[in-house]
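Here's the structure we're looking at; comments come further down.
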Amino acid sequence: MTGLDAVIYDAAELVVGPTTDPTRGRPESPDAVLDRRQDAALAIVDDTVAAVGPTAAVTAEYPPENAATAIDATGQTVLPGFVDPHTHAVFAGDRSDEFAAKLRGKTYQEILAEGGGILRTVRAVRDATPETLVANLRHHLDVMLAHGTTTVEVKSGYGLDVDTERKLLAAIETAGQAHAIDVVPTFLGAHAVPEETDADAYVDSVVTDQLPAVADQGIAEFCDVFCDAGAFTVDQSRRVLEAGLEYGLAPKIHADEFERLGASQLAAEVGAVSADHLLQSSAADLDALREAGVTPVLLPGTAFGLGGEYADARQILDAGGSLALATDFNPNCHTRTMSFAIALACTGMGMTPAEATVAATRDAAAAIDRTDGTGTLHEGAPGDAIVVDAPSHVHVPYTPGENLVTTVLTGGDRVHG
Ligand code: NIG
Ligand code: FE
């Protein structure tokens with residue numbers, strides 16, 4: 001239907017997006033980073049932001065009484081919907097006992113080497129029906145939406161054979177089609193070496209069996225690989241990403257999470273859309289990513305869960321680069337909310353609330369190649385907006401462990417609250 005979808009007015013603060021200054025450097029104030037307006041309003045027409053500005057001006061042109069949804073945001077903050085550009089949200093089974101084992105001192109890689117971790121989820125997913133996978137994912141998407149996420153990337157990678165990888169991608173498509181969240185599918189066949197084979201033989205099968213079948217299925221947009229100790233080498237990862245490119249799948253890479261194998265350099269070499277984790281990356285690695293235009297994706301929830309060090313966000317930002325935040329939601333990192341990632345980015349990685357807000361919206365959209373204004377509320381951007389029950393964006397990380405999101409709009413439609 002055409003027409004005035006929504007008007008949100010009298011917002012204490014309305015975050016439009018990042019400022020256009022390309023050399024942000026270390027910010028003296030939030031206003032160096034964020035274009036935010038006080039006493040502001042937003043109008044959404046035909047799924048798209050039509051106007052943003054002072055309440056009097058916006059409501060004169062777009063009267064709230066004519067809108068399908070009118071929201072008085074007095075005392076509240078309006079933000080672009082959060083974008084979560086790295087999740088493994090489609091799976092079956094439960095690994096909460098591994099969390100308990102890790103608290104007793106077991107490492108992630110010890111669990112994987114014993115056939116637990118990813119390999120245990122693979123067994124559960126191979127046994128699961130498509131309906132179970134779709135229902136599980138829908139539930140996770142519902143939680144994410146209620147916490148303000150309006151776009152989410154979801155990876156396959158718990159199948160590790162042609163049929164199960166396709167089953168996962170089909171579940172991502174089915175759950176996404178019926179959901180208000182915009183779901184972006186990624187093929188991660190090279191997530192772990194399955195128990196029945198060795199790494200080189202498995203990479204052969206990813207390249208010659210899985211990729212053609214996945215390309216034929218036509219759902220996946222990206223091809224990802226876990227390039228790390230205990231997973232795939234740089235050469236194996238290069239083979240997978242280059243083959244993915246031949247099938248039109250843009251590369252993404254899990255890089256430098258546990259060991260620094262050279263995965264960031266590979267990301268720069270193949271022109272990856274993003275390089276994710278970066279816990280062990282050197283300054284030269286981070287420079288290479290910036291120079292190659294690869295978006296770094298930092299996953300503070302994973303670092304928090306591993307009880308270790310956080311990635312060096314300040315090194316990236318102080319060099320004039322940008323970065324994205326994501327949840328990495330998976331059975332090993334059971335966090336679905338971008339507000340938690342934002343809070344950890346501030347308290348664990350020294351980012352300001354303004355920087356973390358941009359990293360969870362516009363720059364997160366860049367990490368999944370959404371350059372249509374997603375993650376901003378500029379005129380012409382998709383009408384994905386959230387209302388937060390607090391007077392500024394600072395309150396999101398200032399209030400960890402609570403959901404301040406009262407209302408979520410996607411394409412101008414009220415889909416939560
Ligand atoms: O991004 N590091 C590899 N993959 C996931 C973990 C997946 C799992 O443990 O099930 C990650 O952290
Ligand atoms: Fe991951």
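The values are calculated or read from the model by the stated rules, or taken from the named source; none is laboratory data. None of the values given here were measured: they were computed from a predicted structure. Backbone-built Cβ (ideal geometry, glycine too); neighbour counts: all protein chains shown. Quick note on the areas: whole protein, heavy atoms, side chains included, nothing else; ligands and nucleic acids left out. Shrake-Rupley method; radii C 1.70, N 1.55, O 1.52, S 1.80 Å.
Structure values in brief
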{"quantity": "Positive dipole terminus of the chain, leading residue within Ala56, Ala365, Thr352 (C-beta point charges)", "calculated": "Thr352"}
{"quantity": "The chain, helix-only ellipticity at 222 nm - DSSP H runs n ≥ 4, -39,500 (n - 2.57), divided by all residues, nearest 500", "calculated": "-10000 deg cm²/dmol"}
{"quantity": "Other-chain or far-sequence residues with amide H under 5 Å of Asp35's (modelled H)", "calculated": "Val16, Gly17, Thr19"}
{"quantity": "Residues with amide H under 5 Å from that of Glu259, placed H, sequence gap 5 or more", "calculated": "Ala229"}
{"quantity": "Debye equation applied to the C-alpha atoms of segment 298-415, log10 I(q)/I(0) at 0.15, 0.22 Å⁻¹", "calculated": "-0.69, -1.38"}
{"quantity": "Loop GluC sites (Glu not before Pro), segment 100-142 (other Cβ atoms within 10 Å of the site Cβ: 14 or fewer; DSSP)", "calculated": "Glu114"}
{"quantity": "Nitroxide proxy distance, nm - points 7 Å out along Cα→Cβ at Glu379 and Thr107", "calculated": "5.6 nm"}
{"quantity": "In order through segment 259-270: 3J(HN,Hα) via Karplus (6.51 cos²θ - 1.76 cosθ + 1.60), integer Hz, x for Gly, Pro", "calculated": "9, 8, 8, x, 5, 5, 5, 4, 4, 5, 4, 8"}
{"quantity": "Rg [Å, one decimal], Dmax [Å, integer] - segment 97-161, C-alpha atoms", "calculated": "14.5, 37"}
{"quantity": "Relative contact order for segment 77-143, counting Cα pairs under 8 Å that sit 6 or more residues apart, in percent", "calculated": "46 percent"}
{"quantity": "Phi-based couplings in Hz for segment 381-388 (Karplus 6.51, -1.76, 1.60; Gly and Pro marked x)", "calculated": "6, x, x, 9, 9, 10, 10, 10"}
{"quantity": "Label-point gap, in nm, between Ala100 and Asp235 - each point 7 angstrom along Cα→Cβ", "calculated": "4.4 nm"}
{"quantity": "Leading residue at positive end of dipole, segment 115-161 (Cβ point charges), from Leu160, His147, Ala135", "calculated": "Leu160"}
{"quantity": "Solvent exposure of segment 316-417 as accessible area per residue, Å², 1.4 Å probe", "calculated": "32 Å²"}
{"quantity": "Three principal axis lengths of segment 1-145 [C-alpha, angstrom, descending]", "calculated": "64, 44, 27"}
{"quantity": "Pair Ser29, Ala60: separation of 7 Å Cα→Cβ label points (nm)", "calculated": "2.7 nm"}
{"quantity": "Value of relative contact order over the chain, rounded to a whole percent, pairs C-alpha under 8 Å and six or more apart", "calculated": "20 percent"}
{"quantity": "Sequence of Glu379, Glu13 when ordered by accessible area, the most exposed leading, probe 1.4 angstrom", "calculated": "Glu379, Glu13"}
{"quantity": "Relative contact order computed over segment 145-198 (Cα-Cα under 8 Å; 6+ residues apart), in percent", "calculated": "47 percent"}
{"quantity": "Rg(Cα) / (2.2 N^0.38 Å) computed for the chain, rounded to two decimals", "calculated": "0.96"}
{"quantity": "Positive-end extreme of charge dipole, segment 32-97 - chosen from Ile71, Phe91, Leu34 (charges on Cβ)", "calculated": "Leu34"}
{"quantity": "For segment 75-222, alpha-carbon Rg over 2.2 N^0.38 Å", "calculated": "1.12"}
{"quantity": "q = 0.10, 0.17 Å⁻¹, segment 154-265: log10 I(q)/I(0) [Debye, one scatterer per Cα]", "calculated": "-0.26, -0.74"}
